[in-house]
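*Asks:* The structure follows.
Here, each number is a calculation from the coordinates, and none is a lab measurement. These numbers come from a predicted model, not from an experiment. Here the Cβ is made from the backbone with ideal geometry for all residues, glycine too, and neighbour counts use every protein chain on show.
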Amino acid sequence: MSAPNSSYDPVEVTPLQPDEVARMREEALAAIAAADSLEKLKEVRIAHAGDRSPLALANREIGALPPSARAEAGKRVGGARRDVAEALKERQTVLEEERDNRVLVEEAVDVTLPWDRVPRGARHPLTTVAERMTDIFVGMGFEVAEGPETEAEWFNFDALNFLPDHPARTMQDTFFLEAPSGGESGLVLRTHTSPVQIRALLDREPPVYVVAPGKTFRTDELDATHSPVFHQLEGLVVDEGITMAHLRGAIDAFVHGMFGADLRTRFRPSYFPFTEPSAEVDMECFVCRGASVGDPDAPCRTCGSEGWIEIGGCGVVNPRVLTAAGVDTGRYSGWAFGLGVERTLMFAHGVEDMHDMVEGDIRFTSAFGMEI
Ligand code: FA5
């Protein structure tokens, strides 16, 4: 800035000449009008209204003028600066409005788009199928009983009338945990849910109507239809006047509730040490209903064209078992069954390979939905 000078001629100070002030003003207004974004307008503001802008520098020259010349020069430069400030404000408003409208369009939320939230997990279908099986019997008045997965050999075998030389007691079938010692029973991973029969009978007085879903273990290789860890649903009824006809009725009610209202069942003679007589339970194939039997043109994968599907074992409780559990066999009789849960899941949902049930692939589990 020039020093005050009484002989100073304002007309000679170039930045303060009217034409020059008008040119600076026009240049600023043109730049403001041409700014097409808030970023560009910011640059224009610094260039034409900032401390180092031509009009700001011209304003500084006013202080160097003789007092008589200051008013006119101040009016001229001040007017130009005011016009520039107003134009900046207006342009700022317009550009902000344009930006807001653009954001509203560009950032609109499409509520119809598919969501990408982390999916919720699903319960394993073995759990839900075991619950559905259990519920059918609970609906008939049965209560749920439990037993440990690590079981005394006495409950798993002896009390169920397995003689010491029964093949199921050899290393082929059973995970033995502790050998018997000092008169104490050995420990095994239970090979079936049938020991819960004994526990239920020791825990309560007849009449007994219980079901026991649970995990069981055998030294079987994992393949399409076997797993070393699998699940069963045990059922036990002990009451006065109980016959095999009641067993047929209960099994029919289960098959109808689980697979279809009009499916037939049949009992095939079998052997279990703890039931006499014993039977394997078959149900009519719910896919082909027997139509595939003897028809090579229409084979059925579900039943292997047998027309029937085996779902478990059952029988009238052997009086020796009732005696081991302290039940008066002169007064009470009973029946029991053991159904495979994996097998039920395979038939109910068309699962063909047991590997799918144990490998933990979430794509298998989530296909069954979020059932709880
Ligand atoms: C028993 O385990 C008897 N406790 C059933 C029983 C209970 C009979 C009460 C009489 C009275 P079984 O060994 O057949 O029987 O097994 C019953 C079911 O368990 C089979 O039908 C099958 O569905 C299932 N199962 C057996 N072994 C395996 C395995 N390794 N993997 C998957 N499921 C199996």
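*Asks:* In deg cm²/dmol and to the nearest 500, what is the mean residue ellipticity at 222 nm of the chain if only DSSP H runs of at least 4 residues count, each as -39500 (n - 2.57), divided by the residue total?
*Replies:* On the way: 12 runs with 144 residues, N = 372.
The helix-only estimate for the chain comes to -12000 deg cm²/dmol at 222 nm.
*Asks:* Which of D165, D19, D282 ends up with the largest GNM mean-square fluctuation for the chain, with Cα atoms connected below 10 Å?
*Replies:* Result: D19 has the largest fluctuation of those listed.
*Asks:* Moving on. Largest first and in whole Å, what are the equivalent-ellipsoid semi-axes of the range 151-225 based on the Cα gyration tensor, each being the root of 5 times an eigenvalue?
*Replies:* Working from the Cα gyration tensor, I get semi-axes of 22, 18, 10 Å.
*Asks:* Next question, about the same structure. Please compute the Kirkwood hydrodynamic radius of the range 10-106 from all pairs of different C-alpha atoms, in Å with one decimal. Provide the component values of the computation, followed by the final result.
*Replies:* Details: mean 1/r = 0.0699 Å⁻¹.
Hydrodynamic radius (Kirkwood, Cα pairs) of the range 10-106 is 14.3 Å.
*Asks:* Ok, one more. Give the lysines whose C-alpha is closer than 24 Å to that of K40, dropping any in the same chain fewer than 8 places away, or say none.
*Replies:* K89
*Asks:* Can I ask one more? Summing +1 for each Lys or Arg and -1 for each Asp or Glu, what net charge is found among the other residues whose Cβ lies under 11 Å from the Cβ of N161? Could the numbers behind the result be given before it?
*Replies:* Working: positive: R320; negative: D158, E276.
So the environment of N161 carries a net charge of -1.
*Asks:* Pick out the long, greasy-scoring helices in the chain: whole DSSP H runs spanning 27 Å or more along their own axis by Cα, mean Kyte-Doolittle at least -1.0.
*Replies:* 67-106
*Asks:* If you keep only loop residues by DSSP, which chymotrypsin sites (Phe, Trp or Tyr not before Pro) in the range 98-202 have at most 13 other Cβ atoms within 10 Å of their Cβ?
*Replies:* Qualifying residues, ordered by number: W115.
*Asks:* Could you state, as a whole-number percent, how many of the C-alpha pairs of the range 63-199 are farther apart than 27 Å?
*Replies:* Roughly 66 percent, rounded to a whole number.
*Asks:* Order these by the 10 Å Cβ neighbour count, fewest first: M283, M354, M244.
*Replies:* The order, fewest Cβ neighbours first, is M244, M354, M283.
*Asks:* Quick check on the exposure proxy: order V188, V111 from fewest to most C-beta atoms within 10 angstrom.
*Replies:* In order of increasing Cβ crowding within 10 Å: V111, V188.
*Asks:* Now a separate question. What is the packing order of peptides 119-125, 230-236, taking the mean over residues of other C-beta atoms within 10 Å and listing the highest first?
*Replies:* The most tightly packed comes first, giving 230-236, 119-125.
*Asks:* Further question on the same structure: So what does log10 I(q)/I(0) come out to for the range 282-372 at q = 0.17, 0.18, 0.26 Å⁻¹, using the Debye formula with one equal point on every Cα and no solvent?
*Replies:* -0.84, -0.88, -1.23
*Asks:* For T216, list long-range residues whose amide hydrogen, built 1.01 Å from N in the peptide plane, is under 5 Å from its own amide hydrogen.
*Replies:* For T216, whose amide H was placed from the backbone, the distant partners under 5 Å are F230, H231, Q232.
*Asks:* Given charges of +1 on the Cβ of Lys and Arg and -1 on the Cβ of Asp and Glu, with all other atoms neutral, how large is the dipole of the range 197-285 about its Cα centre, in debye to the nearest 20?
*Replies:* 60 debye
*Asks:* If you don't mind, another one. At a temperature of 20 °C and a viscosity of 1.002 mPa s, determine how fast the chain diffuses translationally according to Stokes-Einstein, using the Kirkwood radius over alpha-carbon pairs as Rh; express D in µm²/s, rounded to the nearest whole number.
*Replies:* Numbers: Rh = 28.1 Å.
Result for D is 76 µm²/s.
*Asks:* Please report V229, V210, V94 as a ranked list, fewest other C-beta atoms within 10 angstrom at the top and most at the bottom.
*Replies:* V94, V229, V210
*Asks:* Let me ask you something else. Give me the net charge of F137's neighbourhood, meaning all other residues with Cβ under 14 Å from the Cβ of F137; Lys, Arg count +1, Asp, Glu -1.
*Replies:* Net local charge, F137 excluded: -4.
*Asks:* May I pose another question? Taking the alpha-carbon centroid of each part, what is the distance from the range 260-337 to the range 152-205 in angstrom?
*Replies:* 23 Å
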